[in-house]
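Right, one structure below, let's go through it.
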Amino acid sequence: MSVEIGGLTLRGPVLAASGTFGYGTEVPLLERRALGAMVSKGIFLRPRAGAPPPRIIETPSGMLNAIGLQGPGVEGLIRDYAPQWAQWDFPVLVNINGETAAEYGELAARLDGVPGVAGFEINISCPNVEQGGLYFGNDPRAAAAVTEAVRKRTDRPVWVKLTPMVTDIGVIARACEAAGADALSAINTFVGMSIDLNTRQPRLSFRTGGLSGPAIRPLAVHLAHQAARAVSIPVIGIGGITGADDALEFLVAGCAAVQVGTATFVKPRAIAEVHDGIAAYLASHGFASLAELPRYLPRD
Amino acid sequence: MFLLDAALVARREVARGMFVLSLDAPQIANSVRAGQFVNLGWSPGPLLRRPFSVYRTDGDRIEVILKAVGAGTSQLLAMTARDTISCLGPLGHGFELSPGPRSVALVSGGLGVAPMPLAAREARAAGISVTWVHGARSVDELCSEADGDEVIWATDDGSRGFAGTAVSAVPETDMVLACGPNRMLAAVAMRWPDAQVAVETYMGCGTGVCLGCAVPLARGGYDRACKEGPVYRAADVEWSMLPAHLAYAVSA
């Protein structure tokens, strides 16, 4: 079940998605034996307080969240968490965030070589302050600029987490690949909104939030598939995976690995269940390894 | 922290539309402290688990108290004996009830009665005499199981006991514990800054990971109702930033 993803050899294809596993230290029940890798909660250079409540709303088969990237900042992460990660038997990638391309680069430079930090996942779903608050992830030039800023400051693996809020994910995927990304994570949450009919106001204090959970799965499978068709680097599928069959859809659709997110909130052992279910599927269908799983990936 | 598939054992009505569910959850029953909660999941049910204070324990059983306030709680109340509910808990940081004070007032509004039976048990074990002040809109919404060395009832319409809010019926005691709508807890904080209050928030994971249950603090910033809370020193919470409209027990 081991896989090669953008410069890292992982013991399994099921990873913990950013923001849904914290810093990996919070919950003793979370099963780690099956974990291929963990992507940390998103981090900025400086500490951030996060958004006022309500931050989380349930929607049909989904969850809308606007946490506001609350976090200790890079120095807090290096002090409190990286030393623990250095002891673990699976790699931890840090999900990095910034308001300018230079901030992403600074973060990568600060974390490069820190024991416990195996690589980076760039969150490009952040507003680009220099270009009037448009999102890095919607613009192939801005996405490439951020990827390049990080690439120049580290030799560690660099993954880019793509936003689904684009007209053609293949264009962004190719721009990131050309700028030096080792792998792509597809996809981040969809932007959504829910209205409280008693107050006639948005139910989240931030007005909008990121939609995750089974509600987005078919959309995510399609977008991950489109990204995989567009590039030759590995694509890691994300979006509403709660069981092994869901993960297998992403793998057959062309992904090299998957990340499990919201499901971990509901089932602390979701990652182990998905991992074991994939292994059982491969065995019962006569595939000796994940590499033998036939992919549905017609080339453009 | 344990993750158990617990069988539903019994259900009883303790006020109009207010029910107590009894679940077979030995490890949780044997370790839970007053003010802690369990995060329940069931199938078919909502996507996310729902948090409930542990109301009482009885041997290997835990009890939770709820009203049908949404689709999820209606599903829970439609379950029958031996149906299975996934229990994650005990979670959170409960009430501090060490020996020392001579008397405590447990102040509960509506479903805010939820953590009080365990608080009463721990207070008595610490040699603290318990005055229970329980309020609701009217007599038929008062939880019939409220008990204490002294019990004071309060109803908005005066149909039983003191006519007015539970907060205004609290006598002089050495300490105050409160649970109820956030508006009520804000009033508690004004009068007894050192009161221990159990707050209500929306919650994602219940285990400190998702940061969804942010509680705004008076000193600035947020922490997590599920980890540092749900019990706080009343004056430490920035009440103006907590949604006031949440009824106790999150609607599903």
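The values are calculated or read from the model by the stated rules, or taken from the named source; none is laboratory data. Everything numeric here is computed off the predicted structure, so don't read it as measured data. No Cβ is skipped: glycine too gets one built from the backbone with ideal geometry, and neighbour counts run over all protein chains shown.
Taking the conditions (1) more than 14 Å from every other protein chain (Cβ to nearest Cβ); (2) crowded, with 18+ Cβ neighbours inside 10 Å; (3) within 17 Å of the chain's Cα centre (by Cα) in turn, A:Glu148 satisfies each one other than (3). Within the set B:Ser168, B:Ser240, B:Ser159, the sole residue that is within 14 Å of another protein chain (Cβ to nearest Cβ) and polar (S, T, N, Q) turns out to be B:Ser240.
Can you tell me how many residues in the stretch A:92-118 are touching a Ser or Thr at 6+ places or on another chain (Cβ under 8 Å) and among the small types (Gly, Ala, Ser)? The total comes to 2. Regarding A:Gly98, is this residue part of a loop (DSSP other than H, G, I, E, B) and over 16 Å from A:Ala186 (Cβ atoms)? Against the criterion (part of a loop (DSSP other than H, G, I, E, B) and over 16 Å from A:Ala186 (Cβ atoms)), A:Gly98 qualifies. Note on the stretch B:182-224: among residues that are on the phi > 0 side of the Ramachandran plot and free of Cβ contacts under 8 Å to residues at least 60 places away in the same chain, the one that is surrounded by the most Cβ atoms within 10 Å (Cβ to Cβ) is B:Leu211. The set of residues from the stretch A:1-31 being within 30 Å of B:Pro90 (Cα to Cα) and surrounded by fewer than 23 Cβ atoms within 10 Å (Cβ to Cβ) comprises A:Gly22, A:Tyr23, A:Gly24, A:Thr25, A:Glu26, A:Val27, A:Pro28, A:Leu29, A:Leu30, A:Glu31.
Just for the stretch A:32-42: of the residues that are buried (at least 17 other Cβ atoms within 10 Å of the Cβ) and over 10 Å from the mean Cα position of the chain (by Cα), which one is nearest to A:His275 (Cα to Cα)? Even if it seems obvious, please write down each step before you answer.
Applying the first criterion (buried (at least 17 other Cβ atoms within 10 Å of the Cβ)) to the stretch A:32-42 yields A:34-42.
Now restrict to residues that are over 10 Å from the mean Cα position of the chain (by Cα): A:34-37.
Numbers: A:Ala34: 6, A:Leu35: 8, A:Gly36: 9, A:Ala37: 12 Å.
Filtering the stretch A:32-42 for residues that are buried (at least 17 other Cβ atoms within 10 Å of the Cβ) and over 10 Å from the mean Cα position of the chain (by Cα), the one nearest to A:His275 (Cα to Cα) comes out as A:Ala34.
Filtered by the rule that a residue be surrounded by 17 or more Cβ atoms within 10 Å (Cβ to Cβ) and touching a Phe, Trp or Tyr at 6+ places or on another chain (Cβ under 9 Å), the stretch B:225-237 gives B:Ala225, B:Cys226, B:Pro230, B:Val231, B:Ala234. Screening the stretch B:1-109 for strands (runs of 3 or more DSSP E) wholly inside it with 2 or more residues that are charged (D, E, K, R) returns the ranges B:2-15, B:56-58, B:61-67.
Here the stretch B:126-169 is the region considered, the condition is being in contact (Cβ under 8 Å) with a residue 60 or more places away in the chain and not in a strand (DSSP E or B), and the residue that is farthest from B:Pro115 (Cα to Cα) is B:Asp140. You will find that of A:Arg46, A:Arg33, the residue that is touching a helix residue (DSSP H, G or I) at 6+ places or on another chain (Cβ under 8 Å), among the charged types (D, E, K, R), in contact (Cβ under 8 Å) with a residue 40 or more places away in the chain and away from every other protein chain (no Cβ under 13 Å) is A:Arg33 and no other. Annotation: of all residues in the stretch A:49-86 being at the interface with chain B (Cβ under 9 Å from one of its Cβ atoms) and of a type in the set (Val, Ile, Thr), the one that is surrounded by the fewest Cβ atoms within 10 Å (Cβ to Cβ) is A:Thr59. The listed residues are A:Ala228, A:Ala280, A:Ala247, and the only one of them that is without any contact (Cβ under 8 Å) to a residue 60 or more places away in the chain, in a helix (DSSP H, G or I) and away from every other protein chain (no Cβ under 14 Å) turns out to be A:Ala280.
Inside the stretch A:69-127, residues that are of a type in the set (D, E, K, R) and within 18 Å of the chain's Cα centre (by Cα) make up a count of 1.
Within the stretch A:256-277, restricting attention to residues that are within 14 Å of chain B (Cβ to nearest Cβ) and charged (D, E, K, R), the residue that is farthest from B:Gly206 (Cα to Cα) is A:Glu273.
Residues that are in contact with a Gly (Cβ under 9 Å, 6 or more places away or on another chain) and surrounded by 22 or more Cβ atoms within 10 Å (Cβ to Cβ) within the stretch B:53-73 comprise B:Ser53, B:Val54, B:Ile62, B:Gly72, listed in sequence order.
Taken over the stretch A:203-221, the residue count meeting the criterion of being within 17 Å of A:Pro60 (Cβ to Cβ) and either crowded, with 17+ Cβ neighbours inside 10 Å or touching a helix residue (DSSP H, G or I) at 6+ places or on another chain (Cβ under 7 Å) (or both) is 12.
Scanning the stretch A:112-124 for residues that are surrounded by 24 or more Cβ atoms within 10 Å (Cβ to Cβ) and among the aliphatic types (A, V, I, L, M) yields A:Val117, A:Ile122, A:Ile124. A:Pro127 falls short of the stated requirement of being under 23 Å from A:His225 (Cβ atoms) and surrounded by fewer than 21 Cβ atoms within 10 Å (Cβ to Cβ).
Checked against (1) in a helix (DSSP H, G or I); (2) of a type in the set (Phe, Trp, Tyr); (3) in contact (Cβ under 8 Å) with a residue 60 or more places away in the chain, A:Phe206 passes all but condition (1). Restricting the search to strands (runs of 3 or more DSSP E) fully inside the stretch B:182-234 and requiring at least 2 residues that are within 18 Å of the chain's Cα centre (by Cα) and more than 14 Å from every other protein chain (Cβ to nearest Cβ) gives B:196-198, B:231-233. Whenever a residue of the stretch A:10-30 is under 24 Å from A:Gly50 (Cβ atoms) and within 14 Å of another protein chain (Cβ to nearest Cβ), its partners that are of a type in the set (Phe, Trp, Tyr) and assigned to a loop (DSSP other than H, G, I, E, B), lying with C-beta atoms within less than 8 angstrom and at least six residues away or across chains, give the pairs A:Tyr23/A:Tyr81; A:Gly24/A:Tyr81; A:Gly24/A:Trp88; A:Thr25/A:Tyr81; A:Leu30/A:Phe21.
Can you spot a residue in the stretch A:216-223 that is at pLDDT below 95 and either closer than 23 Å to A:Glu26 by Cβ or of a type in the set (A, V, I, L, M) (or both)?
We begin by selecting, within the stretch A:216-223, every residue at pLDDT below 95; these are none.
Checking the stretch A:216-223: not a single residue is at pLDDT below 95 and either closer than 23 Å to A:Glu26 by Cβ or of a type in the set (A, V, I, L, M) (or both).
Each row is one residue, and each column tells you yes or no for (1) without any contact (Cβ under 8 Å) to a residue 24 or more places away in the chain; (2) closer than 23 Å to A:Leu15 by Cβ; (3) surrounded by fewer than 21 Cβ atoms within 10 Å (Cβ to Cβ); (4) touching a Leu at 6+ places or on another chain (Cβ under 6 Å).
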{"position": "A:Ala143", "(1), (2), (3), (4)": "no, yes, no, no"}
{"position": "A:Val160", "(1), (2), (3), (4)": "no, yes, no, yes"}
{"position": "A:Ala173", "(1), (2), (3), (4)": "no, yes, no, yes"}
{"position": "A:Glu177", "(1), (2), (3), (4)": "no, yes, yes, no"}
{"position": "A:Ser185", "(1), (2), (3), (4)": "no, yes, no, no"}
{"position": "A:Asn188", "(1), (2), (3), (4)": "no, yes, no, no"}
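Residues that are closer than 19 Å to A:Leu282 by Cβ and surrounded by 23 or more Cβ atoms within 10 Å (Cβ to Cβ) within the stretch A:222-245 comprise A:Ile236, A:Gly237, A:Ile241, listed in sequence order.
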